[in-house]
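One structure below.
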Amino acid sequence: MLELMLAVALIGMLMMIAIPGYTKYVDRAKVSTVIADIGTISLRIDKYRLANNNGLPDALDDVDSEWMADPWGRPYEYLVLEGVKGNGGARKDKNLNPINTDFDLYSKGKDGETVNSLVPKKSHDDIIRASNGRFVGLAEDF
C-alpha cells in the first residue's frame, strides 16, 4: 500500500511539472500559427493591391480569407488606414503613434480582449502586424 501511495505521489509531482510546460508549448504553437496566417493574409492583400490599382480591400472577404480564423476561433481584425483622415481607429504604440500607415491586421490573442493602444495588458497577448509588415508578432514584443 505504501508503494502504491508513493507511486501516485510521484506521478502527481511529474504532472505538476509537465502540464504547465505543455500549456506553454501549445500557446507558443498557436502564436506561431497566427504569425503565419497574418503573413499569408498580408501576401493576399499585396496580390489584391497589384490587381486593383494599388487599392486596399475593404474587408478580408475580398481576399478570400473568410475561412481564416485564429486558433481561438475568432476572425482576424482588419482595418484600412490608407487614405483615411486622422488615425483614431489605428493601433498605437507606447508613444501613441500608429503602428501602421497602410492597414492594421491582428488577432486579439488568447484572452480575446484588446484596446487600440498596445500599452494596456489587454493588448499584450495580441498578435499584430506592425511597421507596415516589417514586424509580425506579440504586441508586448513590439
Fill in the blank from the handout: Only unsatisfied item for SER42, checking (1) over 27 Å from THR23 (Cβ atoms); (2) without any contact (Cβ under 8 Å) to a residue 60 or more places away in the chain; (3) in contact with a Lys or Arg (Cβ under 9 Å, 6 or more places away or on another chain), is (2)
Practice task
Determine which single condition SER32 fails, assuming it passes every other condition in (1) surrounded by 13 or more Cβ atoms within 10 Å (Cβ to Cβ); (2) of a type outside the set (Val, Ile, Thr); (3) closer than 17 Å to ASN132 by Cβ; (4) free of Cβ contacts under 8 Å to residues at least 60 places away in the same chain.
Solution key: (3)
Exercise for the section: Would you check if GLY133 is modelled with pLDDT of 90 or more and surrounded by fewer than 21 Cβ atoms within 10 Å (Cβ to Cβ)? Expected result: yes
Fill in the blank from the handout: Output for Cβ contacts, cut-off 6 Å, separation at least six or different chains, first residue crowded, with 23+ Cβ neighbours inside 10 Å in segment 118-129, second at pLDDT 90 or above and of a type in the set (Lys, Arg), reads ASP126/LYS108
Practice task
Would you check if GLY109 is loosely packed, with under 14 Cβ neighbours inside 10 Å and in a loop (DSSP other than H, G, I, E, B)?
Solution key: no
Exercise for the section: Check LYS94 against each of (1) exposed (fewer than 12 other Cβ atoms within 10 Å of the Cβ); (2) modelled with pLDDT of 90 or more; (3) assigned to a loop (DSSP other than H, G, I, E, B); (4) among the charged types (D, E, K, R) and name the one condition it does not meet. Expected result: (2)
Completion exercise
From the option list ASP62, ASP37, single residue qualifying as over 17 Å from the mean Cα position of the chain (by Cα), surrounded by 15 or more Cβ atoms within 10 Å (Cβ to Cβ), not β-branched (Val, Ile, Thr) and not in a loop (DSSP other than H, G, I, E, B) is ASP62
Exercise for the section: Working carefully through the options LEU43, LEU10, find the one that is closer than 20 Å to PRO75 by Cβ and modelled with pLDDT under 95. Expected result: LEU43
Practice task
Kindly provide the set of residues from segment 122-135 that are in contact with a helix residue (DSSP H, G or I) (Cβ under 7 Å, 6 or more places away or on another chain) and either over 14 Å from ARG28 (Cα atoms) or not in a strand (DSSP E or B) (or both), ordered by number.
Solution key: SER123, HIS124, ASP126, ILE128, ARG129, GLY133
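The values are calculated or read from the model by the stated rules, or taken from the named source; none is laboratory data. This is a predicted model, so every value here is computed, not measured. Please note: Cβ atoms are built from the backbone with ideal geometry, for glycine as well, and neighbour counts cover all protein chains shown.
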